[in-house]
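Here's the structure we're looking at; comments come further down.
The values are calculated or read from the model by the stated rules, or taken from the named source; none is laboratory data. As the structure is a prediction and not an experimental result, all values here were calculated from the model. With ideal geometry, Cβ positions are generated from the backbone for all residues, glycine too; neighbour counts draw on all protein chains shown.
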Amino acid sequence: MNILFIGDIVGKPGRKLVKKWLPQFKKEFNIDYVIANYENAAHGFGITPKVYNEIKNAGVDIFTGGNHTFDKKKEALQLLEEGKILRPLNYFDAPGGWYYEDENIIVISAMGIFSMPYGKNPFIELNEFIKETKKFVFIDFHAEATAEKRALFALLKGRVSAIVGTHTHIGTDDLEITDNTLYLTDIGITGCRDNVIGMKSDAPVKHMLSGLKYHFDVPDKCKSIMQCLVIESDGKIPKKAFKIKADENGYEVVQRVNE
Ligand SMILES: [Fe+2]
């Protein structure tokens with residue numbers, strides 16, 4: 001069974017590359033499941049039914065969320081109530097589900113604690129939730145701190161199939177498979193790569209200089225990148241994995257690991 005995971009798809013530049021490359025990658029790498037994080041897909045903030053349909057039609061099967069899941073609350077609630085997207089497990093009483101399960105796979109959407117909305121402790125929740133299974137268990141751990149991500153790996157190593165980080169928008173080069181668990185601290189953005197985490201640079205720079213808040217905006221034109229991970233598994237056990245970086249002109253495999 002082959003899985004392809006795309007991290008934070010940020011706005012139109014991210015969606016454009018997903019539409020360009022995903023159908024080809026699905027065929028070329030014989031992909032059974034495509035998982036993607038949607039939380040920045042609608043101009044950087046949340047998701048709408050229109051954007052959902054666009055990404056869905058490009059070939060995404062399972063949608064994971066994060067701290068921006070409810071930025072467009074009405075639209076997000078509609079999609080959650082229709083069971084089309086997941087929201088992170090941390091939210092106490094929010095509608096919708098935080099995991100997808102079928103006969104082959106369990107996909108979990110969870111957030112960290114540091115610099116994230118107040119909610120349930122994902123370490124305690126996942127430690128209790130993860131049970132012995134023959135299915136591939138994939139966790140999108142949407143977290144700010146690298147140490148939190150490593151700590152979740154240390155806690156669940158050997159008990160889940162894959163833990164892949166999202167949220168920072170900056171890809172890390174620490175892909176590994178250890179004790180039958182694949183781990184990557186952060187997959188990195190699918191969107192603009194030449195500004196500040198996918199947003200026009202002026203607002204974050206003014207914010208850093210003044211301490212005041214400014215509206216963050218996705219650029220119309222930028223150098224964009226798509227970053228995704230392909231995992232080949234034998235049921236629940238990840239056997240091989242590689243990361244792909246793609247732009248408008250082509251793609252390259254940048255990290256590759258074996259069991
Ligand atoms: Fe996030």
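Scanning the range 168-183 for residues that are of a type in the set (A, V, I, L, M, F, W, C) and within 16 Å of the ligand (Cβ to nearest atom) yields one hit, I170. The number of residues in the range 205-231 being under 20 Å from the mean Cα position of the chain (by Cα) and farther than 19 Å from V10 by Cα comes to 2.
Only one residue in V51, V34 is free of Cβ contacts under 8 Å to residues at least 40 places away in the same chain and either in contact with a Pro (Cβ under 8 Å, 6 or more places away or on another chain) or in a strand (DSSP E or B) (or both). Which one?
Among V51, V34, only V34 is free of Cβ contacts under 8 Å to residues at least 40 places away in the same chain and either in contact with a Pro (Cβ under 8 Å, 6 or more places away or on another chain) or in a strand (DSSP E or B) (or both).
Going through (1) of a type in the set (D, E); (2) more than 30 Å from K16 (Cβ to Cβ); (3) touching a residue at least 40 places away in the same chain (Cβ under 8 Å) one by one, D140 falls short only on (2). Residues in the range 220-259 that are within 21 Å of A41 (Cα to Cα) and modelled with pLDDT under 95: 2 in all. Residue count for the range 127-149, restricted to those that are more than 16 Å from the ligand (Cβ to nearest atom), buried (at least 21 other Cβ atoms within 10 Å of the Cβ) and within 27 Å of K73 (Cβ to Cβ): 1.
Take the residues in the range 54-65 that are on the phi < 0 side of the Ramachandran plot and assigned to a loop (DSSP other than H, G, I, E, B); name whichever of them is farthest from the ligand (Cβ to nearest atom). Checked the range 54-65; the qualifying residue farthest from the ligand (Cβ to nearest atom) is D61. Counting just the residues of the range 78-93 that are assigned to a loop (DSSP other than H, G, I, E, B) and surrounded by 18 or more Cβ atoms within 10 Å (Cβ to Cβ), which one comes out nearest to the ligand (Cβ to nearest atom)? Checked the range 78-93; the qualifying residue nearest to the ligand (Cβ to nearest atom) is P88.
Of all the listed residues (T181, T172, T166, T185), the sole one being of a type in the set (S, T, N, Q) and touching a His at 6+ places or on another chain (Cβ under 9 Å) is T166. Only a single item in (1) over 19 Å from the mean Cα position of the chain (by Cα); (2) assigned to a loop (DSSP other than H, G, I, E, B); (3) buried (at least 17 other Cβ atoms within 10 Å of the Cβ) is not met by E75, and it is number (2). Taken over the range 5-46, the residue count meeting the criterion of being within 15 Å of the chain's Cα centre (by Cα) and closer than 18 Å to I170 by Cα is 18. Would you check if I3 is assigned to a loop (DSSP other than H, G, I, E, B), among the hydrophobic types (A, V, I, L, M, F, W, C) and modelled with pLDDT of 95 or more? Taking the combined requirement at face value, the residue does not satisfy it. Within the range 30-44, at least one residue is more than 13 Å from the ligand (Cβ to nearest atom), modelled with pLDDT of 95 or more, closer than 20 Å to Y183 by Cα and hydroxyl-bearing (S, T, Y).
Inspect all residues belonging to the range 158-167 and state whether any of them is assigned to a strand (DSSP E or B) and within 13 Å of the ligand (Cβ to nearest atom). Scanning the range 158-167 turns up at least one residue that is assigned to a strand (DSSP E or B) and within 13 Å of the ligand (Cβ to nearest atom).
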